[in-house]
1. Please list, ordered by chain and number, the residues whose modelled amide H lies under 5 Å from the amide H of Gly248; skip anything fewer than 5 residues away on the same chain.
2. Considering just Cα atoms, how many Å³ per residue does the convex hull of the chain enclose?
3. Output ³J(HN,Hα) for segment 234-241: one whole-Hz value per residue in order, computed from phi by the Karplus curve 6.51 cos²θ - 1.76 cosθ + 1.60 with θ = phi - 60°, and x for Gly and Pro.
4. Using only protein heavy atoms and a 1.4 Å probe, report how much of Asp414 is accessible, in Å² to the nearest 10.
5. For segment 413-511, which GluC sites (Glu not before Pro) are in a loop by DSSP, counting at most 11 other Cβ atoms within 10 Å?
6. What ranking, highest mean first, results for peptides 351-363, 46-58 when packing means the other Cβ atoms within 10 Å averaged over each residue?
7. Using Cα positions and a limit of under 25 Å, work out the lysines in reach of Lys213, with same-chain residues fewer than 8 apart set aside.
8. Ignoring any ligand, DNA or RNA, what whole percent of the accessible area of the chain comes from carbon and sulfur when the probe is 1.4 angstrom?
Amino acid sequence: MTPLGRARLPGRPALDRLLGSRGVRRAVEAATMVADARRLAWLSGADGRIGTTLDLERTAQELADFTVPTLADGAAVDLLESVLHGDEGDPPGGSRVPLTRAMAVTAIDQLGHLEPAPVGELSTLHPAPKLAYECLTSRRPVLVRRIAPDQYEQIAPTPQAARLMRGAGVHSYMVVPLVSRGVLIGIADFIRCGKRPPFGPRDVALACELAAKAAVFVDNARLYSRERDTVLTLQRALLPRAAPPTPGLQVVSSYRPAVDPSGVGGDWYDIVPLPGGRSALVVGDVMGHGLAAAATMGRLRSVARTLLNLDIAPERVLARLDLAARDLEEDQVATCLCALYDPAEGTYRLASAGHLPPLLVDTAGSADFVDVPPGAPLGAGVIPYDPVVVRADAGSRLLMCTDGLVKNRSGDVDGWLEGLRRAASGPRPELADVCETVWARTAGTYGQRFDDAIMLVAEPCPPAGTLLCVWDLPADGTAARTARHLVRDRLAQWGLADMADATELVVSELVGNALRYGRGPGRMRLMRAERLCVEISDTGPDLPQIQHAPLSAEGGRGLQLINVLCRRWGSCRTSTGKIVWAEQDLPG
């Protein structure tokens, strides 16, 4: 018998088997721990590889690229079209299959022919396949360890894609939901092919952890992209859709949003036709970005346009804009450059509120900055603004822009301006091609712009179909008779003799108004363009208004008569007083 205190030892073969099984198990456990550590290290690296920007397509592509080939041989990121359009309501369900859009696809070389084209915003919408639909409705991952022959059509979006997957030897598939802040935004699906082992539960758990991390980055990019699109849509809607007719002045404009989504903001421009063939050009830049800057831009542009119809002196328009900017709730400031072109005098009158100076390019292609006193930005409360008058020779070009055209993250203002001057100099392209030429010349110097930019180029030209005459009127009682004779003779030369009677009556009333309230008339301007316009200037400070005249009154009906005879009339202040103008439709 065996003593109680002694244990029987197994024989040699049994001992080898026991020690062997324990060694294998320990080796497997050690290998599993090493594999898990590698998986965790790989998962931790996602923070630095995914979400490096706020660009939606790039973030989705970073997610797909990160998983291949470490986790899968091919990966795709599909987002719900409804979520891309801002619908974050009920999750997919019911009888309607949700539409998804492929935002990113990547694969090893062996599966390169499976990648659909194009990807991103231009990709084709397609209903979610059966297994992807199950993932979307349940918000749970779906694993197919070994794809059965009849399951390819349940995985691929089209029959052609299913045939390609079958022919490429794809044998394992899994799909996981992308959920961020409780909102289902899409799916990420993965495939393996060839001799690689199929996906298992550990792979599904790893993919879910990765999807939870990446979904936040993708959703941030989605929300930021949606806000950028909203700001960009608002900004484009607030900018002029087309250049209005400007007699004697050809104007082209161009707007470029920033490459960086955070750069979209409050750049604006405007082209305002004014009485007597004058034209106002305005370029401004609200400091800041986003919806607040775009909204402020729209308000300032509306105020500036209204002021220019009441006062054509740029320096006084900027002074009133400064007061308006100080009343904004957002407490934002803006720079602005305002130029008034007068075809009769062939000059620009400019004033600046802290804006970049304009460039004047002569007919030989030599560009120089106009020395405009910079002034303080709108909203800073430092007024007045000093104007400058420059000669605008035929064929010369005035280039106005915002600083997004030239600035970068290095260098100084002087360097930026010199680069812009060189870009605007040289061989002169056609006016219609000026903006594209300057964009191209500055692109190599400044690289990708991180701020939006506007360019406005104006060139005086012979006014096709526009006739303009200016006369100095005597400041005594003969002014009305002189004005009538000048108008009648000129209309006869222009072939508008039938309009002489009505125009003489209008001129008489305007001159009489200037004699009574404006210290005598100054100049009379007669212009034929789309309409016939006559204006009288004087040095009086008060703008005329239509008054109610009683039946017993002998006067006070001059403006009422003008209001009946003319299509429209108005008045605005000038640097020396005011002008009163009236427009009539041409015959036919």
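The values are calculated or read from the model by the stated rules, or taken from the named source; none is laboratory data. All values reported here derive from a predicted model rather than from experimental measurement. Using ideal geometry, Cβ is built from the backbone for each residue, glycine included, and neighbour counts are taken over all protein chains shown. Surface accessibility is based on the protein's heavy atoms, side chains included, excluding ligands, DNA and RNA. Shrake-Rupley method; radii C 1.70, N 1.55, O 1.52, S 1.80 Å.
1. Residues meeting the criterion, in which the H sits 1.01 Å from N, are Ala464.
2. Spread over its residues, the Cα hull of the chain gives 283 Å³ apiece.
3. Values per residue, Gly and Pro as x: 4, 5, 5, 5, 7, 7, x, 7 Hz.
4. Accessible area, nearest 10 Å²: 110 Å².
5. Within segment 413-511, the qualifying GluC sites (Glu not before Pro) (loop, at most 11 other Cβ atoms within 10 Å) are Glu430.
6. So the peptides 351-363, 46-58, ranked by packing, come out 351-363, 46-58.
7. Counting by Cα, and skipping residues close in sequence, Lys213 has no lysines nearby.
8. The value for the chain is 53 percent carbon and sulfur by accessible area.
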